[in-house]
Amino acid sequence: MPYVSVKGLNIYYESTSGNSLPIVFVHGAGGSSQIWSEQLAIFDGQYNSWAMDLPGHGKSEGSLLSSIEDMAEFIDDFTGELFLEKFVLVGHSMGGAIAQAFALQSPEKLSGLILIGSGARLKVSQDILGALAAGRIPFKDVDHLYGSSTPAKKREEALREMKALSPTVYWADLEACNKFDRVVSVEKIQVPSLIIVGDEDVMTPVKYSQFLSDRLLNSELRIIKGVGHMSMQEKPTEVINEIVNFINELL
């Protein structure tokens with residue numbers, strides 16, 4: 001299994017090889033590199049890409065990071081260990097917040113930015129944070145994550161995975177999201193950007209992505225029909241097509 005040492009921690013990642021701009025995928029709260037499995041399967045043999053497990057997630061070592069800024073610094077360290085000098089950064093939800101923070105910290109390292117189901121501010125209910133802090137997963141289903149077209153079997157699988165995850169991981173990630181706010185500074189991001197959102201996303205509604213699109217002058221907004229917050233899993237081919245078209249425009 002592929003690991004890279006980042007500041008003494010064994011960090012797990014999945015990768016593909018091909019001929020393209022380097023592409024780095026960042027998962028969202030409570031996630032891992034596995035959320036990008038559909039994209040990596042399609043990319044293999046065509047694109048150079050990497051999807052890691054953040055510290056304390058999936059198969060990676062390390063303590064959970066407490067802020068979006070710390071996570072962005074981790075991405076800098078991770079890509080440095082892989083000798084990636086310039087790349088396209090793709091982030092979903094919390095990963096999109098990390099990508100924005102990275103773009104503000106190190107814009108010279110980015111060829112492009114792709115934000116999926118994210119926002120310039122990611123407030124989280126205090127009831128949810130309280131339940132997680134008490135060691136309880138407060139979700140009885142995954143209807144808040146998936147659109148109406150997602151099959152019941154997929155929802156059941158996602159619910160099992162959610163219940164198997166430590167509430168501590170969710171709490172740390174969502175607490176970091178709750179503190180994240182780039183409403184004022186996001187307009188400083190000038191790298192070419194693609195913004196993707198599902199039209200049934202209730203976690204980060206379309207208005208969040210529209211706000212990003214309005215503030216990022218060098219951006220494109222794509223709304224995927226019939227999906228919720230997990231668009232890259234719900235309609236992977238459609239999301240891939242948008243990513244590929246965007247990357248081709250950068251060449």
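The values are calculated or read from the model by the stated rules, or taken from the named source; none is laboratory data. Treat the numbers as computed from the prediction; the structure is a model and nothing was measured. With ideal geometry, Cβ positions are generated from the backbone for all residues, glycine too; neighbour counts draw on all protein chains shown.
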For Ala99: the one exception among (1) in contact with a strand residue (DSSP E or B) (Cβ under 8 Å, 6 or more places away or on another chain); (2) outside any helix (DSSP H, G or I): (2)
State all residues of region 149-206 that are under 18 Å from the mean Cα position of the chain (by Cα), hydroxyl-bearing (Ser, Thr, Tyr) and in a loop (DSSP other than H, G, I, E, B); if no residue qualifies, say none. Thr204
Working only within region 207-232, note down all residues that are assigned to a helix (DSSP H, G or I), more than 22 Å from Glu38 (Cα to Cα) and among the small types (Gly, Ala, Ser). Ser209, Ser213
Residue selected from region 125-153 under the condition closer than 24 Å to Trp36 by Cα, of a type outside the set (Phe, Trp, Tyr) and in contact (Cβ under 8 Å) with a residue 40 or more places away in the chain, by the criterion surrounded by the most Cβ atoms within 10 Å (Cβ to Cβ): Leu145
Checking the structure you have, find out if any residue of region 124-144 is within 18 Å of Glu200 (Cα to Cα), among the β-branched types (Val, Ile, Thr), out of contact with any Gly (no Cβ under 7 Å at 6 or more places or on another chain) and outside any helix (DSSP H, G or I). yes
Filtering region 58-96 down to residues that are polar (S, T, N, Q) and outside any helix (DSSP H, G or I) yields Ser60, Ser63, Ser66, Ser67, Ser93
List the residue pairs whose Cβ atoms are under 9 Å apart, where the first residue sits in region 78-98 and is closer than 24 Å to Val124 by Cα, the second is charged (D, E, K, R) and surrounded by 22 or more Cβ atoms within 10 Å (Cβ to Cβ), and the two are 6 or more positions apart or on different chains. Met94/Asp173
Go through the residues of region 59-71 one by one and say whether even a single one is under 24 Å from Asn245 (Cβ atoms) and modelled with pLDDT of 95 or more. no
Suppose we keep only residues that are over 16 Å from the mean Cα position of the chain (by Cα) and in a loop (DSSP other than H, G, I, E, B) within region 43-55. Which one would you say is nearest to Asp173 (Cα to Cα)? Asn48
Among residues belonging to region 200-243 that are without any contact (Cβ under 8 Å) to a residue 12 or more places away in the chain and not basic (Lys, Arg), point out the one that is surrounded by the most Cβ atoms within 10 Å (Cβ to Cβ). Pro205
